[in-house]
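Novice: Shown below is the structure under consideration.
The values are calculated or read from the model by the stated rules, or taken from the named source; none is laboratory data. What you are looking at is a predicted structure, and each value in this text was computed from that prediction instead of being measured. Cβ placement follows ideal geometry from the backbone for every residue including glycine, while neighbour counts extend to all protein chains displayed.
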Amino acid sequence: MLASMTTNAAGTAAEPPQRARRRTPAGAAVLRPDVTEAIRAAVFEELAAVGYARMSIEGIARRAGVGKTAVYRRWRSKLHLVLDVVSAMAVLGLPAPDTGSLEGDLRLLYEVTSRALRHPVASQIIPDLQAEAARNPDIAEAFQKALRDGQEGVASKVIAAATARGELSPGLDPDLALDLISGPLYWRSVVIRSPKPPKGYLDKLARATAGALKAL
């Protein structure tokens, strides 16, 4: 308030010059970040509960505790909302492990990834979006980018650290390395939807993947 006022010769507050006034344009909406995040969280919950085909703006708004208008101010449609949320997955990603060895990094990465893929919400959303991706190229592109960018960012750091330590040869094929690192666990958790890996499985997987990468 003090910054928006001037003082006249009598020491009383005076209105600022007309050109200094700033007003929100008529009809403009202030998009509160907390409301936006509540809507995004509601999208994940609604996807897990009813799937993309049955998901509606009404259901999302109700779950987020807001009106439909709050959703439409931010996204034009259900498709645009889901594409935005899925694309945001790539930004979040997974933390890059730093244990001091390739096998140790892979073991920690597999532990974190395994837990994430077994989460009730993720285990429902990922298969559903895969099915929708087969019918909708926009969802397919966003979904593939989210999955690939998230895994590729972490895998590239693991590979770079192992190369710097001399555990891997320089010039390793990044696509092949990503397939070796991400493929087995994704297959087990998402494609055939196996339960929690048995004791020792992640240790063996990390050891086998590290050996395969070193053989390239």
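Novice: Are any of the residues in segment 74-97 farther than 30 Å from THR209 by Cβ, out of contact with any strand residue (DSSP E or B) (no Cβ under 9 Å at 6 or more places or on another chain) and aromatic (Phe, Trp, Tyr)?
Specialist: Of all residues in segment 74-97, those farther than 30 Å from THR209 by Cβ come to 74-85.
Next, from what is left, pick out any that are out of contact with any strand residue (DSSP E or B) (no Cβ under 9 Å at 6 or more places or on another chain): 74-85.
Okay, now just the ones that are also aromatic (Phe, Trp, Tyr), so 75.
Within segment 74-97 (the criterion being farther than 30 Å from THR209 by Cβ, out of contact with any strand residue (DSSP E or B) (no Cβ under 9 Å at 6 or more places or on another chain) and aromatic (Phe, Trp, Tyr)), the answer is yes, since at least one residue qualifies.
Novice: When both residues are 6+ apart or on different chains and their Cβ atoms are under 9 Å apart, which pairs have a first residue that lies in segment 54-72 and is touching a residue at least 12 places away in the same chain (Cβ under 8 Å) and at negative phi, and a second that is part of a loop (DSSP other than H, G, I, E, B) and not hydroxyl-bearing (Ser, Thr, Tyr)?
Specialist: If the second residue must be part of a loop (DSSP other than H, G, I, E, B) and not hydroxyl-bearing (Ser, Thr, Tyr), the pairs left are ILE57/TRP75; ILE60/VAL66; ALA61/GLY67; ALA70/ALA29; ALA70/LEU31; ALA70/ARG32.
Novice: Kindly list the number of the only condition in (1) closer than 30 Å to ALA53 by Cβ; (2) hydroxyl-bearing (Ser, Thr, Tyr); (3) assigned to a helix (DSSP H, G or I) that fails for SER194.
Specialist: Failing condition for SER194: (3).
Novice: Turning to a different aspect of this structure: For segment 152-172: of the residues being among the aliphatic types (A, V, I, L, M) and loosely packed, with under 15 Cβ neighbours inside 10 Å, which is modelled with the lowest pLDDT?
Specialist: Step by step, filter segment 152-172, then rank; the result is ALA160.
Novice: Among the candidates ASP149, ASP175, ASP203, ASP179, single out the residue that is part of a helix (DSSP H, G or I), modelled with pLDDT under 85 and assigned by TED's automatic domain parsing to the domain that holds ARG107.
Specialist: On the way: ASP175 fails: modelled with pLDDT under 85; ASP203 fails: modelled with pLDDT under 85; ASP179 fails: modelled with pLDDT under 85.
When all the criteria are applied, what remains is ASP149.
Novice: Check off (1) free of Cβ contacts under 8 Å to residues at least 12 places away in the same chain; (2) assigned to a helix (DSSP H, G or I) for GLY166 and give me the number that stays unchecked.
Specialist: (2)
Novice: With (1) within 16 Å of SER156 (Cα to Cα); (2) at pLDDT 90 or above; (3) surrounded by fewer than 12 Cβ atoms within 10 Å (Cβ to Cβ) as the list, and ALA215 as the residue in question, which single condition is left unmet?
Specialist: Evaluating ALA215 over (1) within 16 Å of SER156 (Cα to Cα); (2) at pLDDT 90 or above; (3) surrounded by fewer than 12 Cβ atoms within 10 Å (Cβ to Cβ) leaves (1) as the failure.
Novice: Let me ask another. ARG63: outside any helix (DSSP H, G or I), touching a helix residue (DSSP H, G or I) at 6+ places or on another chain (Cβ under 7 Å) and surrounded by 14 or more Cβ atoms within 10 Å (Cβ to Cβ), yes or no?
Specialist: Against the criterion (outside any helix (DSSP H, G or I), touching a helix residue (DSSP H, G or I) at 6+ places or on another chain (Cβ under 7 Å) and surrounded by 14 or more Cβ atoms within 10 Å (Cβ to Cβ)), ARG63 does not qualify.
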